[in-house]
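Data first, discussion second: the structure below is written as structure tokens.
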Amino acid sequence: AGWCGVGLTAEEVARFSRPCLVKSFGPTRQLRLCRSKALVVGVGGLGSPAATYLTTSGVGVLGLCDFDTVDASNLHRQPLYKREDVGQPKVACAVKRLSELVDASALRVHKSEGCDSLETVPGTFSIRTHESGLTRDNARDVVRDYDVVLDCTDNPRTRYLLNDACVLEGKPLVYGASVGMEGQLTVYHHNGGPCLRCIFPEPLDADACDVCSDTGVLGFVPGLIGVMQAQEAIKVLTNFGTTLSGRMLHYDAEDARQFVAKLRGRRPGCASCGDSPTDPSSLDEPTAGKASAVTASCKSAVPSTPA
Amino acid sequence: AGWCGVGLTAEEVARFSRPCLVKSFGPTRQLRLCRSKALVVGVGGLGSPAATYLTTSGVGVLGLCDFDTVDASNLHRQPLYKREDVGQPKVACAVKRLSELVDASALRVHKSEGCDSLETVPGTFSIRTHESGLTRDNARDVVRDYDVVLDCTDNPRTRYLLNDACVLEGKPLVYGASVGMEGQLTVYHHNGGPCLRCIFPEPLDADACDVCSDTGVLGFVPGLIGVMQAQEAIKVLTNFGTTLSGRMLHYDAEDARQFVAKLRGRRPGCASCGDSPTDPSSLDEPTAGKASAVTASCKSAVPSTPA
Amino acid sequence: MSTRLFVEFTGGLEAIFDNQKQTEQHVATESSQTPQEGVSMRTLLRHLGKQIKKPQDVQLMLAGDTVRPGVLVLVNETDWELTGGIDTMLNDGDCVAFVSTLHGG
Amino acid sequence: MSTRLFVEFTGGLEAIFDNQKQTEQHVATESSQTPQEGVSMRTLLRHLGKQIKKPQDVQLMLAGDTVRPGVLVLVNETDWELTGGIDTMLNDGDCVAFVSTLHGG
Ligand SMILES: [Zn+2]
Ligand SMILES: [Zn+2]
């Protein structure tokens, strides 16, 4: 009740009493979260749990960016979607479900292709949709208004495009990925740490890969990584704990084992975040059309150019 | 398509193509999962994601056991429930949501207080509800018909009761817990490994604890542990990989670090699974009435009897 | 002579030790032990007990001369029941973790 | 003389090595090195390259005399860019992991 004093509404106090009770988190960080803006790019296996836990945890503005429609083969790992959503646009279906989780009177839904800035309004939850997906033309505009961006996409080209846009707009990027029984998680371009291109300078040519169609994924693996992406995004937004900036977590569900590796620092020669960045218009365009999750999850692709 | 040969229906093949593509999992394990039965006890912060991922992953029969109703303070960590579910019984609300995730024509819902055995029927998904929650009188009957049990409860007494019932009925028990920023996960009474009482012989007296009301939880922590409970349950059901039997995973979201500790083996003197087990009727009765999540999550309780 | 140990507290036990989850402890070798023998878990528990500032906090971690029920002790990520319990000998660089069992859901 | 290393493959790279994710490798010390110096990452890569049975698999992990882009090399859980890259010297008991970057979602 006394938490209203910090600026939380009565509804927010009732809803978020448990996180407010965590001493090291508390009402001040909860308030900060309620007044912040997060963008989820890719609302699939990673984006489903990430968007869900960002919503229930109380983020003020949630952006959803995806051009894809729901396929029957998505359902086993994308619990945002109902059986009857098959064939419908993912973002519209996600809005429908996420809206049910919050107070209807507090909900605001915005369609947006541009970069207009949204204010967070105390006691409200806004969802903004970007239904064209991420393209070279819109990437900077799409990320510009958010405080943190979650990379929940499923193909290397979109991941590099998103990295470059986040560097140019100065946004921290929570990177998650999963294939088979394994998952990876890190935070790029945050607190002086490296970006994706500092570690892996160029995307691989997924098309040169001939084993991709053999690759699948178990649903709980992106489930786990997606929840952890929400966790790292919330840590970034509230300046809480130690994020995975400069560290990469690798998880293997087969024996429930993870390790967290120390990464190199920001690379001064990086084409994206380095001291003399390359003109981004010369950087990669994401694969046009519908990227198959299986093709995109290629994990043993041959590089298009030798090292 | 050829996977229909192993016994999957056409709908199952479409839905589970991605896990079938994982070489080490494959259609045979997916079929085994589709024909197996899992019980989730406690449909709260842990049970929400656990039940969700068991459903989307294709378990044949899902049991839900909880007597509680939805509270506004649950919503931040229990994404099975809508804002409008507040005040309604959790199990009924969970059935409503989980039903949406599967093919309506394949769905079967069973109310059950007894121990009658359900057959898994190819191409169908059955949910069985146990809306009285777990009591000393019904515990053995409730767990009897399942192949694996998930402990998603929130208080020590119910956890010990469930452990004892699972030992008596020979069921593996996937134990998950979370408080604040931390979570724990293990598999008890499986493949000759220890049970809860082998490690911690007696429950603590939560009532003797005076700091519990200070304790909260961040929503993504039970989210993460609950997804991993589904993962371990699926590994148990399909005899896949290396489960956490005999090992305990401890996770701290503050720095995204986990460790997996090697536990002692089954203890011959264990009152529950030992060579001369104690009469279970002398063991503990769970706390009557509505157990508050906060009281129950007491993590620094004073033991009722000295060591 | 002293033995250098990495000691970790989880599940709320860190509150007893100034909210430090990971600490480095230098434990004096007792007279009856040669330096090569390191120190026992018994000695470490005594060493930690002296650092608990509030008397009412002692019972949150200790009971008699051992740990209270509900606290799992790990020596190098292994249950101390497998390493020798309270008589486990610790050497320079060993890691000891005190894990309080969690029940919340 | 040989150096004993724990070598781990992730992200599909294990498929090249008989699906073994965790292996123990005994790498012969080269004549120019004294045993105390251990072996270099360069020597380890050559040692592993010889174990790849199918010639078409080589390019999945190696490119020239180093690893291919998209594979992160960790020496004792630290990016090898911080430990000396291909000239990093490895000693008995060191852990080396080859982590293939994942892109699926
Ligand atoms: Zn960079
Ligand atoms: Zn036992």
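The values are calculated or read from the model by the stated rules, or taken from the named source; none is laboratory data. Here the structure is a predicted model, which is why all the values come from computation and not from measurement. All Cβ positions, glycine included, derive from the backbone under ideal geometry; neighbour counts span all protein chains shown. All accessible areas refer to the heavy atoms of the entire protein, side chains included, with ligands and DNA or RNA removed. Shrake-Rupley method; radii C 1.70, N 1.55, O 1.52, S 1.80 Å.
What to note about this one:
- For the protein assembly as shown, the mean residue ellipticity at 222 nm estimated from helices alone is -7000 deg cm²/dmol, where every DSSP H run of n ≥ 4 contributes -39500 (n - 2.57) and the total is divided by all residues, rounded to the nearest 500.
- Both chains summed, the buried accessible area for A and D stands near 2900 Å², from protein heavy atoms and a 1.4 Å probe.
- Take B:Thr28, move 7 Å from Cα toward the beta carbon, and the resulting point lies 5.8 nm from the same point in each other copy, nearest first.
- Crossing angle, helix A:220-238 versus chain A [Cα axis fit, 0-90 degrees, rounded to tens]: 60
- Nearest to the axis that brings chain C onto chain D is this chain C residue, judged by its Cβ, with the distance in whole Å: C:Gly93, 7.
- Inter-copy label distances at B:Gly7 (7 Å, Cα→Cβ; nm, one decimal): 5.9
- Highest to lowest packing among B:17-30, A:221-234, scored as the average C-beta count within 10 Å: A:221-234, B:17-30
- Residues D:Asp87, B:Asp71, sorted by accessible area with the largest first, give D:Asp87, B:Asp71 [1.4 Å probe; ligands and nucleic acids excluded].
- FRET efficiency for D:Val58 and C:Arg4, using Cβ-Cβ distance with R0 set to 51 Å, rounded to 0.05: 0.70
- Inter-copy label distances for C:Lys53: 6.3 nm (label point placed 7 Å from Cα along Cα→Cβ; shortest first).
- Annotation: aspartates and glutamates with alpha-carbon distance below 12 angstrom to A:Lys96 (same-chain offsets under eight excluded): A:Asp85.
- The Kirkwood hydrodynamic radius of the protein assembly as shown, based on inverse pair distances between different Cα atoms, is 27.4 Å.
- For B:Arg108 and A:Glu11, a Förster radius of 35 Å and the Cβ-Cβ distance give a FRET efficiency of 0.40, rounded to the nearest 0.05.
- For C:Glu30, the accessible surface of its heavy atoms amounts to roughly 60 Å² (probe 1.4 Å, protein chains only, rounded to the nearest 10).
- For segment C:2-100, share of DSSP beta bridges that run antiparallel, in % to the nearest 5: 80
- Segment C:2-100 - percent of accessible surface contributed by carbon and sulfur, probe 1.4 Å: 47
- Structure remark: mean-square fluctuation, Gaussian network model of chain A, C-alpha springs under 10 Å; the largest value among A:Ser117, A:Ser99, A:Ser272 belongs to A:Ser117.
- The mean sequence distance of close C-alpha pairs (under 8 Å, at least 6 residues apart), as a share of the length of chain C, puts its relative contact order at 38 percent.
- Three semi-axes of the equivalent ellipsoid, chain C, Cα gyration tensor, whole Å, largest first: 22, 15, 13
- For the peptides A:187-199, A:255-267, the ranking by mean Cβ contacts within 10 Å, running from highest to lowest, is A:187-199, A:255-267.
- Cα-based reach from B:Lys23 at 26 Å (exclusive), listing lysines while leaving out same-chain residues under 8 positions away: A:Lys290, A:Lys299, B:Lys37, B:Lys235, D:Lys21, D:Lys50, D:Lys53, D:Lys54
- A simple spin-label model places the labels of B:Glu84 and D:Arg42 7.0 nm from each other, with each point 7 Å out along Cα-to-Cβ.
- Among A:Gly44, A:Thr28, A:Cys152 - extreme Cα towards positive end, dipole of chain A, charges at beta-carbon: A:Thr28
- Selection from C:Leu13, C:Leu90, C:Val75 lying farthest towards where the dipole of segment C:2-100 points positive, charges on Cβ: C:Leu13
- Accessible area that becomes buried as A packs against B, both chains, 1.4 Å probe, Å², nearest 100: 5400
- Rh by Kirkwood over Cα pairs, then Stokes-Einstein D for chain A at 0.692 mPa s and 37 °C, µm²/s: 167
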